[in-house]
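Peer 1: Just dropping this structure here.
The values are calculated or read from the model by the stated rules, or taken from the named source; none is laboratory data. On a predicted model such as this, the values are computed, not experimentally measured, just so you know. Cβ coordinates were reconstructed from backbone atoms using ideal geometry, including for glycine residues, and neighbour counts include every protein chain displayed.
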Amino acid sequence: MLDRRRTSLTTLLTATCLLTGSLAFAGPRMSEQQQPLRYNPRSLDGPLVTVTTGLDGRTWSAWAYRDGAEYDIALSFRDPGGVWSEPRFIGRDDGTDQVQPALAVDGFGTVYLAFADLGTGAVRYTALPAGGSAWTAVTAVTRDGERGFMPALSIVGGRLVVAFRSGRLVVIRDVPLLDPAVRPEGIHDSPDPYGSSGDSGSGRTTPGDGGS
Amino acid sequence: MGSRARQDLKGSVRLGNYLKRLRTGYGYSLRRVEERARAEGGEIDNSQLSRYEKGICYPSFDKLRVLASVFNVSIQAFSDVVDLEDFENLKPAGESPNAIVEEGTAALKSGDIGRAFACFERALELLLDSPTEQIDRDLVARARISQAAALSRLGKQSLAEHELRSALRHPEGLSREAQGRALLALSAIHADQGEHILSELESERALRHARSEQRDDLAARALHTMGRVLAQRGRPEQAIERYRQAAEVYAQCGVRHEEIRVRIQIGGCYVDMGKYREGIRMLTAALQQAQSGGHRRLEAHAWSYLGLAYYHQDDHRRARGCFRESDARANFNREKHPDILFHNAFYEWKMARVEENPTREKIAFGRLKTLRSSLERRLPEVEEFDAFVERGRSDA
């Protein structure tokens with residue numbers, strides 16, 4: 001089982017690595033009508049990246065937004081009714097440029113945002129816990145003195161995988177996912193979809209048994 | 001193939017057929033697989049692959065790993081295919097697919113899962129051997145869904161998923177009810193694998209099919225599955241809402257054991273939220289219902305959650321008592337529920353660590369290691385255990 005998980009982890013890491021270039025600069029996937037129009041077109045100074053959370057149906061968008069002489073990351077979400085939220089900004093008026101946003105969402109609905117900080121050369125990330133309203137403190141993924149850009153994010157095997165370019169290399173790091181507000185424990189069974197087994201549900205018995 | 005020729009085979013005919021089915025399903029020639037294997041960083045020449053497909057020899061683990069990448073399946077799927085050879089001699093001799101499917105359904109209901117699997121496989125062989133224009137698509141789809149039920153009960157999840165996907169590939173030949181059941185079965189597999197978004201989408205589609213056909217029992221199962229996904233995503237309050245809706249419909253339809261299952265899971269959600277008194281009250285009531293209905297897995301499940309509630313209240317003595325009651329029901333005669341046994345052993349292990357009792361810790365850890373290999377479900381406790389083992393390896 002562990003071998004299988006490691007194999008899929010390796011495959012996904014490779015895929016993440018290959019996608020690094022394309023994901024970070026993925027162009028808008030939505031039509032113009034589906035974009036946060038108030039900030040489009042003049043103020044939308046970087047390609048839009050989007051991600052949808054299945055749980056509350058929100059579509060999150062992030063882009064590099066030029067505010068005077070500096071770039072910040074702008075974040076906005078569209079609710080299932082199609083209304084865009086006012087953007088919130090990361091790095092506003094801090095005298096340095098934040099660009100190249102990447103987004104990912106985990107199985108609990110926590111949204112992760114990574115971006116490159118051009119001033120320090122760091123790749124940083126922040127997260128919005130599922131059901132929460134406050135983003136976590138921004139944390140660097142790059143090490144002291146290491147310069148990174150073009151981040152891409154992926155959720156693999158319960159970890160947040162951050163891939164970014166550093167010089168001519170692609171660097172891959174992984175960090176733990178944020179704990180959801182309520183950490184589920186225990187066994188939740190699905191029903192028996194066939195309605196024929198009596199006491200089995202999604203819990204399996206050893207071969208030869210049919211449950212009671 | 002003659003018996004002499006069969007004796008000369010050192011590989012697995014079943015595995016060979018499976019590999020060939022995968023290859024032809026992708027439309028690959030032997031040489032194309034060779035190229036794809038090279039692209040995956042492996043070496044499998046076309047004559048070698050031909051020998052595997054004919055069952056002349058077994059691929060090594062490394063070759064299987066490459067083939068798994070080429071065909072986008074898990075390595076586990078290959079070993080599952082080989083395991084199923086045990087049921088080969090249970091295949092019925094009849095030639096009527098309809099009668100064989102009926103025989104398989106009866107075996108499934110009576111709990112003879114190996115026999116049921118063999119019947120459905122034989123029926124599918126007969127059906128798919130017919131000329132294309134004469135294939136009874138509806139019966140093929142029904143046989144596949146039933147085959148998935150048998151495979152699922154045998155713990156062969158990836159093969160069950162394959163059958164369900166194949167059945168749903170031609171929905172025009174399937175009733176909406178059958179589609180709903182297939183979607184629910186897929187949803188359960190994906191929920192077990194932690195694919196929450198996929199599972200949620202499938203259960204929502206199943207609910208739409210159930211409502212359009214006015215199949216309340218199916219609608220209740222879809223609501224139940226949606227509750228499960230919400231619970232696994234750390235949304236216990238929303239999960240309780242779905243579970244309550246499901247319980248109400250189950251009660252109206254008289255699906256008693258599923259109603260009890262849902263009530264146990266509502267109790268579990270209260271435990272997740274830290275509302276232990278309410279959780280224990282619900283679990284105790286559900287336990288009594290499970291006992292009176294003689295549903296051993298449900299009893300084991302309820303005891304296990306009660307143990308969890310006491311564990312969180314630092315009442316280790318009561319928690320241990322509950323886990324032992326649960327173990328006794330989860331490992332009864334030949335029936336064994338490794339997910340529940342693992343869950344119980346996990347908290348026994350955690351309690352032993354808190355109590356700094358190395359003997360108990362060692363015993364529980366040994367049980368966890370043994371049980372882990374038979375688990376495909378991604379329980380939170382399984383993930384925590386895996387992470388602990390991984391850390392141990394990297395620290396070593």
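Peer 1: For the range B:322-356, name all the residues that are part of a strand (DSSP E or B) and more than 9 Å from chain A (Cβ to nearest Cβ).
Peer 2: B:ASN331
Peer 1: Hey, another quick one. Taking the stated definitions as given, is A:VAL171 assigned to a strand (DSSP E or B), surrounded by fewer than 21 Cβ atoms within 10 Å (Cβ to Cβ) and out of contact with any helix residue (DSSP H, G or I) (no Cβ under 9 Å at 6 or more places or on another chain)?
Peer 2: When the stated conditions are applied, A:VAL171 passes them.
Peer 1: Within the range B:172-191, identify whether any single residue is at positive phi and either touching a strand residue (DSSP E or B) at 6+ places or on another chain (Cβ under 8 Å) or within 11 Å of chain A (Cβ to nearest Cβ) (or both), and answer yes or no.
Peer 2: Looking through the range B:172-191, none of the residues is at positive phi and either touching a strand residue (DSSP E or B) at 6+ places or on another chain (Cβ under 8 Å) or within 11 Å of chain A (Cβ to nearest Cβ) (or both).
Peer 1: Which residues, taken from the range B:93-118, are of a type in the set (Gly, Ala, Ser) and within 21 Å of B:ASP129 (Cα to Cα)?
Peer 2: Within the range B:93-118, B:ALA93, B:GLY94, B:SER96, B:ALA99, B:GLY104, B:ALA116, B:ALA118 meet the criteria.
Peer 1: Right, here's the next one. Quick one: in the range B:56-111, of everything that is surrounded by fewer than 14 Cβ atoms within 10 Å (Cβ to Cβ) and in contact (Cβ under 8 Å) with a residue 60 or more places away in the chain, which residue is nearest to B:LEU127 (Cα to Cα)?
Peer 2: Of everything passing the filter in the range B:56-111, B:GLU88 is nearest to B:LEU127 (Cα to Cα).
Peer 1: Can B:PRO59 be described as assigned to a loop (DSSP other than H, G, I, E, B), of a type outside the set (Ser, Thr, Tyr) and more than 20 Å from B:SER146 (Cβ to Cβ)?
Peer 2: Taking the combined requirement at face value, the residue satisfies it.
Peer 1: In this structure, does B:GLU172 turn out to be more than 28 Å from B:PRO338 (Cα to Cα) and in a helix (DSSP H, G or I)?
Peer 2: yes
Yes or no, residue by residue, for (1) surrounded by 18 or more Cβ atoms within 10 Å (Cβ to Cβ); (2) in contact with a Gly (Cβ under 9 Å, 6 or more places away or on another chain); (3) on the phi < 0 side of the Ramachandran plot:
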{"site": "B:GLU204", "(1), (2), (3)": "no, no, yes"}
{"site": "B:GLN232", "(1), (2), (3)": "yes, yes, yes"}
{"site": "B:GLU241", "(1), (2), (3)": "no, yes, yes"}
{"site": "B:ARG281", "(1), (2), (3)": "no, yes, yes"}
{"site": "B:ARG297", "(1), (2), (3)": "yes, yes, yes"}
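Peer 1: For B:GLU163, indicate whether it is in a helix (DSSP H, G or I) and more than 11 Å from every other protein chain (Cβ to nearest Cβ).
Peer 2: yes
Peer 1: Which residue out of B:ALA160, B:ALA143, B:ALA148 is modelled with pLDDT of 85 or more, of a type in the set (Gly, Ala, Ser), surrounded by 23 or more Cβ atoms within 10 Å (Cβ to Cβ) and touching an Asp or Glu at 6+ places or on another chain (Cβ under 7 Å)?
Peer 2: B:ALA148
Peer 1: Next question, about the same structure. So which residues in the range B:201-234 are more than 7 Å from every other protein chain (Cβ to nearest Cβ) and of a type in the set (Lys, Arg), if there are any at all?
Peer 2: B:ARG205, B:ARG208, B:ARG211, B:ARG215
Peer 1: Ok, one more. Restricting attention to the range B:357-382, report how many residues are in a helix (DSSP H, G or I) and surrounded by 14 or more Cβ atoms within 10 Å (Cβ to Cβ).
Peer 2: 12
Peer 1: I would also like to ask the following. From the list A:ALA116, A:ALA127, which one is modelled with pLDDT of 90 or more and either closer than 25 Å to B:GLN232 by Cβ or of a type in the set (Phe, Trp, Tyr) (or both)?
Peer 2: The match here is A:ALA127.
Peer 1: Further, regarding this structure: Just to be sure I understand, how many residues within the range B:361-376 are more than 8 Å from chain A (Cβ to nearest Cβ) and touching a Ser or Thr at 6+ places or on another chain (Cβ under 8 Å)?
Peer 2: Total satisfying the criteria: 0.
Peer 1: Right, next: Filtering the range A:91-139 down to residues that are in a loop (DSSP other than H, G, I, E, B) and hydroxyl-bearing (Ser, Thr, Tyr), which residue is nearest to the chain's Cα centre (by Cα)?
Peer 2: A:THR110
Peer 1: Report whether or not B:VAL229 is over 22 Å from B:PHE323 (Cβ atoms) and either at pLDDT below 95 or polar (S, T, N, Q) (or both).
Peer 2: Considered against the rule, which asks whether it is over 22 Å from B:PHE323 (Cβ atoms) and either at pLDDT below 95 or polar (S, T, N, Q) (or both), B:VAL229 comes out as yes.
Peer 1: Restricting to the range A:91-108, and then to whatever is modelled with pLDDT under 90 and over 15 Å from A:LEU153 (Cβ atoms), can you tell me which residue is farthest from the other protein chains (Cβ to nearest Cβ)?
Peer 2: Restricting to residues being modelled with pLDDT under 90 and over 15 Å from A:LEU153 (Cβ atoms), the top hit is A:GLY95.
Peer 1: Looking only at the range B:320-339, which residues are buried (at least 23 other Cβ atoms within 10 Å of the Cβ) and at pLDDT 95 or above?
Peer 2: Hits for the range B:320-339 are B:CYS322, B:PHE323, B:SER326.
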